[in-house]
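Worksheet: one structure, shown below.
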Amino acid sequence: METIRSLLKSKKAVAMITGIVASGLALAAGKLLGEEAGGALAEKYAALITSTVIAYVIGQGVADHGKEAAKEEAKVASSSDTGG
């Protein structure tokens, strides 16, 4: 249970779960509309949702890396200021 709770605190994990659900709903809606009317459109929407989520996750990963690097840089700067 703790693992699920910590996973849901992650923006990237929530985005992936939401993207999977939204893509599944888009594909299910296409099946309900029929192959002629909504099949191809549903696949396009599912691909659009998936690519958007992938871009968000990559961007969030880059931002997280930048934050971590800034923390390390601040730690090094503060230790050099105190003579340690």
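The values are calculated or read from the model by the stated rules, or taken from the named source; none is laboratory data. Here the structure is a predicted model, which means the values were calculated and not measured. Don't worry about glycine lacking a Cβ; one is built from the backbone with ideal geometry, like all the others, and counts go over all protein chains shown.
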Out of the residues in the stretch 1-12 that are part of a helix (DSSP H, G or I) and more than 23 Å from Lys44 (Cα to Cα), which is nearest to the chain's Cα centre (by Cα)? Lys11
Flag for Tyr56 being modelled with pLDDT of 85 or more and farther than 15 Å from Val14 by Cβ: no
Under 6 Å between Cβ atoms, which residue pairs at least 6 apart in sequence (or on different chains) link something in the stretch 40-57 that is over 15 Å from Ala28 (Cβ atoms) with a partner that is of a type in the set (Lys, Arg)? Val57/Lys12
Residues being free of Cβ contacts under 8 Å to residues at least 24 places away in the same chain and either surrounded by 14 or more Cβ atoms within 10 Å (Cβ to Cβ) or at positive phi (or both): count how many of those fall in the stretch 21-38. 7
Condition check for Thr18: modelled with pLDDT of 85 or more, surrounded by 14 or more Cβ atoms within 10 Å (Cβ to Cβ) and assigned to a helix (DSSP H, G or I): no
